[in-house]
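Novice: Encoded as structure tokens, here's the structure I'll be asking about.
Values in this text are rule-based calculations from the coordinates and carry no lab data. Predicted model, so just to flag it, every value in this text is computed and none were measured. Cβ: placed from backbone, ideal geometry, glycine included. Neighbour counts: every protein chain shown.
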Amino acid sequence: MNDQPQQPSEGWAPRDPDSASDTPGKASKTAPDTGPDPAPDTARDTGPDKAPAASAASGGSGGPGGSGRSGRSGETQEVPVASDGTTDAPDDPDAQDEPADARDGTTKTKKAKKTKRPKRTGWKRLIPTWRMVLGTFVGVILLIVGVFALGYYLVQIPSANATAIKQSNVYLYADGSQLARDGEVNRENVDLSLISKDAQHAVLAAEDRDFYTESAVDPKAMLRAGWNTATGKGKQSGSTITQQYVKNYYLAQEQTVTRKVKEFFISIKLDREKSKDDILEGYLNTSYFGRNAYGIQAAAQAYYGVDAKSLSAGQGAYLAALLNAPSEYDVVAHPENKPAALARWNYVLDGMVKKKWISESDRAGVKFPAPKETVVAAGMSGQRGYIVKAVNDYLADNKILSEDALNAGGYRITTTLQKPKQDAFVKAVDDQVMDELDKKNRKVDNYVRAGGASIDPKTGKVLAMYGGIDYTKQYYNNATRRDYQVGSIFKPFVFTSAVQNDSVTQDGRTITPNTVYDGTNKRPVQGWDGGTYAPENEDQVSYGQIPVRTATDKSVNSVYAQMAVDVGSAKVERTAVDLGVPADTPDLNASPSIALGTATASVLDMAEAYATLANHGKHGTYTMIEKVTKDGSEDVKLPDEKTEQAVSRESADTTTSILQSVVEGGTGTAAKAAGRPVAGKTGTAEDDKAAWFAGYTPNLATVVAVMGQDPDTGAHKSLYGALGQARINGGGYPAQIWAQYTKAALKGVAVKDFDLNLQDGADEQELPPPDSDEDATTGTDGGTTGDGGTTTGGEETPATEGQDNGGTTGDGGTTDTGGTTTGGGGTTTDGGTTGTGGGTTTGGGGTTTDGGTTGTGGPTTGGGTTDGGTTTEGTDGSTGTTFGDFP
């Protein structure tokens, strides 16, 4: 029996060796939280085998140790009792971190706390977790698959689009009367077996070289094109041949995101339902090749007069090149674009070699096959075809309607053309030129062509246009073509630029209508650092010292070449562009030769520029369109009309004043038949291949050209001998056409005079430079002129005939018959006769050769004849140099 006294206890419980205190009388402390399950040992001793003992020890509800029930009604907890009489109560959540001795000195076990993931703070919160990335990726993939499935299900292959059955476009005069209807579609469908393999391969090389091995769509190219279209970076195509066929046959022609989406799904479905051969056949039968030819069979006939099965590799490559730009690459309609067309043609053939469809040796032997002249429907006969083509080009160039939209049809286009003026233009050309041709007896008459354009200077509207004798016979539009030199009708722009820029001569004199220049033939220009340039005057005629006004009357090349250098050829070019000559005009180059009209602007271009002069220097871009509607109701937006002061009024008006002199007493006197105040200029291209007259009244500007072209080869031809004349000059038939047309076009319109504000000093006369001791003579350098008189600067000098054998000035002072020579004047040789009124020569006069007869001329001063510088009614006579209106 133990002698130790028993410690008083409020209750008894077995002591767990692991939980008992090592120190008697001290409460046992809970173990530290060192594991995932730190529950007290007493918690482990609550199995069924322990429950009776614990219940008995608790003594029911009495006892100082507290009740064995939990604080929650009806719920019984087993509470272990320590040896010191305390109970190990369950952990209080609010006291988890509290030490045991802080709670009345009792010992308590606590549950272990689950480890928490540290929270992301700062910039780390911005970085998505891998779970987020993976989830987003999977979501996007599912979304794409869902959208694709939905689109594939919803978008069905439709019936053939209405554009597969092309509508007509209707063209109207300004008064609403019908001008033309573009007719029915020229299309003939053929089986793929009836299209030559070379032609098939050429199209594949041009449009889709991997067509037979690739899928129906090219997503990468399509997304790029769609994005650029949607974001306004330009409309682009990224389509396979399948997609292009879908666009041609099932959908509209517009390039929009919606159409691209439909094209995408229809192409995929079509590729599953039709063979590649069927799709290629459909594409070749629906594509547009220009010349109103839809499908390759129609194109083969339109360009080469053969069936599609007979197309060679070269011909097929050219037709394939046309798919990229049908009208632009037509080298017959646009010869200026032939380099671009050839580049595309070569690209196609090179692609055929890369795909091994032709050998390199065969490729080397392929020559460019020039297409034939077009043959069009009778509905485009007469002037109608020319006008329709010009209107369509205008709409496309100004981005009003695309070529595809026009080809789809359904447009009603009201033009600015006035039917009475249009008819008057045709009649004038027929009366003055076409009715006078004798094509059977004069071969050169077969080369004669004519073109014209007439513009209202105030509005810029084109009122009439003459393109040729008949669109079905001559495909070229002579009013819009840009392949003939404009000649001397460019010279006024040089003078306009001189006034605009306050230019001076090499010796510092302001350039005005009366500024004196040296008109010597082949005179090298001064102040030009680009090498020697010494232009010839027409017929090698030298004029000596001559004022600008007279040099303009006679189109003296040497004067205007020097003036271009004085002004600065780059400034001249800038002025011409400001007036209305397109900046991309072929051969419009900043050099002294710019003054001689080497540029090949069109008749319409030059009419626009001259209209600016007539409008006192205000330029409004020409227009041919009044209104465009789609399907009879929807208006198509037209560009805003803009007018700006291209050059100063003084520059334009002073130019007008010298051009009035050309008509009054220069090379353009035939234009006076219009019966109105006229300003104008004549011009002749090199080798007389074209003759021009450009002129205007205060309310109408018109340019006319007569051109030479071989009808079979298209080559430019000289007009020597045409219409029974030795030569065709701007002052002849072009001026006559201009006068008849202008008189008829303005019939009933009140006569209006020019209202001019001239350059300061424009009326002041200028004497020749005092250091000039050079006698002015004509006929030097061996110049000769046959019937029709002396011509200068590309123009005819009126009423002079038969100059030849040059001229000599002697030192003597005798004249065989008639005239008196004073102060060492010239000698008249070979029996020269002075007619009525005689003539007094002072200071070294001009020369009369081979019995020349001087008519009713007045005094000759310094070797010149006044008022025009010509000797009238002379035979084998000569002319001197004119100093304008000098007394």
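Novice: Counting only residues 5 or more places away or on other chains, whose amide H sits under 5 Å from the amide H of Ile358 once H atoms are built in the peptide plane?
Specialist: Correct list: Val353.
Novice: If you plug each phi of the stretch 338-350 into the Karplus form 6.51 cos²θ - 1.76 cosθ + 1.60 with θ = phi - 60°, what whole-Hz ³J(HN,Hα) values come out, in order, with x for Gly and Pro?
Specialist: Ordered by residue, 3J(HN,Hα) equals 4, x, 5, 5, 5, 4, 5, 4, 5, 4, 5, 5, 5 Hz.
Novice: Compute from the Cα atoms of the stretch 555-667 the Rg and the Dmax, the latter being the longest Cα-Cα distance, and quote both in angstrom.
Specialist: 17.1, 58
Novice: Let me ask something else. So, R0 is 60 Å and r is the distance between the beta-carbons of Glu436 and Asp277; what FRET efficiency does that work out to, to 0.05?
Specialist: 0.55
Novice: In whole Hz, what ³J(HN,Hα) sequence does the stretch 189-205 give by Karplus (6.51, -1.76, 1.60; θ = phi - 60°), x for Gly and Pro?
Specialist: 6, 9, 5, 4, 5, 9, 10, 4, 4, 4, 5, 4, 5, 4, 5, 4, 5
Novice: Does the stretch 259-404 come out rounded, prolate or oblate by the C-alpha gyration tensor, with a ≥ b ≥ c the root eigenvalues, rounded set by a/c under 1.5 and, if not, prolate when a/b is larger than b/c and oblate if not?
Specialist: Oblate, because a/c is 1.5 or more while a/b does not exceed b/c.
Novice: Next question, about the same structure. With the Cα gyration tensor of the stretch 456-561 giving a ≥ b ≥ c as the square roots of its eigenvalues, does the rule (a/c under 1.5 for rounded; else a/b larger than b/c for prolate; else oblate) give rounded, prolate or oblate?
Specialist: It is prolate, given that a/c is not under 1.5 and a/b is the larger ratio.
Novice: Given Lys338/Lys427; Lys491/Lys642; Lys367/Lys522; Lys421/Lys637, which pairs have Cα atoms separated by over 31 Å?
Specialist: Beyond 31 Å between Cα atoms: Lys338/Lys427; Lys367/Lys522.
Novice: How do Val433, Val444 line up, fewest other C-beta atoms within 10 Å first? Kindly include the intermediate steps, with their values, before the conclusion.
Specialist: Details: Val433 23, Val444 19.
Taking fewest neighbouring Cβ atoms as first place, the list is Val444, Val433.
Novice: Sort Phe754, Phe493 so that the residue with the fewest other Cβ atoms within 10 Å of its own Cβ comes first and the one with the most comes last.
Specialist: By the 10 Å Cβ count, ascending: Phe754, Phe493.
Novice: Does the stretch 637-777 classify as rounded, prolate or oblate by the C-alpha gyration tensor (a ≥ b ≥ c root eigenvalues; a/c under 1.5 gives rounded; else a/b over b/c gives prolate, otherwise oblate)?
Specialist: The shape class here is oblate.
Novice: Moving on to the next point. Between Asn189 and Glu626, take the C-beta separation as r, use R0 = 35 Å, and let me know the FRET efficiency to the nearest 0.05.
Specialist: 0.40
Novice: Scan around Thr684 for amide H atoms under 5 Å from its own, H built in the peptide plane at 1.01 Å from N, and keep only partners 5 or more places away or cross-chain.
Specialist: Residues meeting the criterion, in which the H sits 1.01 Å from N, are Ser488, Ile489, Trp692.
Novice: OK, next. 5 Å is the cut-off here: which amide hydrogens, built 1.01 Å from N in the peptide plane, fall below it relative to Thr520, excluding neighbours closer than 5 in sequence?
Specialist: Answer set, sorted by chain and number: Tyr543, Gly544.
Novice: For the pairs Lys458/Lys630; Lys672/Lys752; Lys443/Lys672; Lys440/Lys473, note any where the Cα-Cα span goes beyond 25 Å. Please list the in-between numbers first.
Specialist: Values: Lys458/Lys630 29 Å; Lys672/Lys752 14 Å; Lys443/Lys672 32 Å; Lys440/Lys473 18 Å.
With Cα atoms farther than 25 Å apart: Lys458/Lys630; Lys443/Lys672.
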